[in-house]
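Here, each number is a calculation from the coordinates, and none is a lab measurement. On a predicted model such as this, the values are computed, not experimentally measured, just so you know. All Cβ positions, glycine included, derive from the backbone under ideal geometry; neighbour counts span all protein chains shown.
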Amino acid sequence: MAGPLKVTVTKNINAPVASVWQAFTDPDMIKQYLFGTTVTSDWKLGSSITYTGEWEGKSYEDKGQIMDVIPFKRLHTTYWSSMSGKADKPENYVDVFYEVEPNGDGSKVTITQEGIENEDGVEHMKKNWGMVLDAMKKLLEA
């Protein structure tokens with residue numbers, strides 16, 4: 001079962017909101033900053049989203065659903081990891097929010113994950129999402 005904790009990571013990126021939104025929803029860009037993951041979705045409300053790839057020699061196929069889309073502002077998905085060891089049931093999905101807002105000439109990008117079980121999970125996901133935003137920043141500022 002998903003837990004009561006959450007983590008929020010924010011990064012200022014020197015790129016316009018439209019570029020960040022493209023990075024949220026373009027599979028080719030996602031693959032470059034999300035650990036080589038292939039993401040498939042039509043990005044419409046209620047649609048499915050799948051994440052496939054290989055991590056430390058093991059293949060994975062994770063999935064979720066698009067819960068909310070406000071273009072150029074917010075994307076809310078659910079997420080279940082096949083590597084979690086948990087059954088693919090609604091109560092084992094977490095919520096992930098991707099948000100972007102103008103910040104001077106660039107953008108403030110925030111990722112929040114809700115449903116984390118314990119403090120170790122919080123620390124792990126804080127590190128994970130930090131790496132994702134660092135890689136996104138590098139991609140968009142190149």
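The translational diffusion coefficient of segment 1-84, from Stokes-Einstein at 10 °C and 1.306 mPa s with a Kirkwood hydrodynamic radius over alpha carbon pairs, comes to 112 µm²/s.
Computed over the alpha-carbon pairs of the chain, the distance histogram in 10 Å steps reads 12, 43, 37, 8, 0 percent, short to long.
Taking Cα atoms only, the orientation of helix 119-141 departs from the longest principal axis of the chain by about 30 degrees.
The mean sequence distance of close C-alpha pairs (under 8 Å, at least 6 residues apart), as a share of the length of segment 5-141, puts its relative contact order at 33 percent.
Distance check, please: which entries in LYS11/LYS89; LYS31/LYS86; LYS58/LYS127 exceed 27 angstrom between their Cα atoms? As for pairs spanning more than 27 Å Cα to Cα, those are LYS11/LYS89.
Which GluC sites (Glu not before Pro) does segment 92-139 hold that lie in a coil by DSSP with at most 16 other beta carbons within 10 Å? Walk me through the intermediate numbers first.
Working: sites: GLU99, GLU114, GLU117, GLU119, GLU123; in loops: GLU117.
Here the sparse-neighbourhood loop sites are GLU117.
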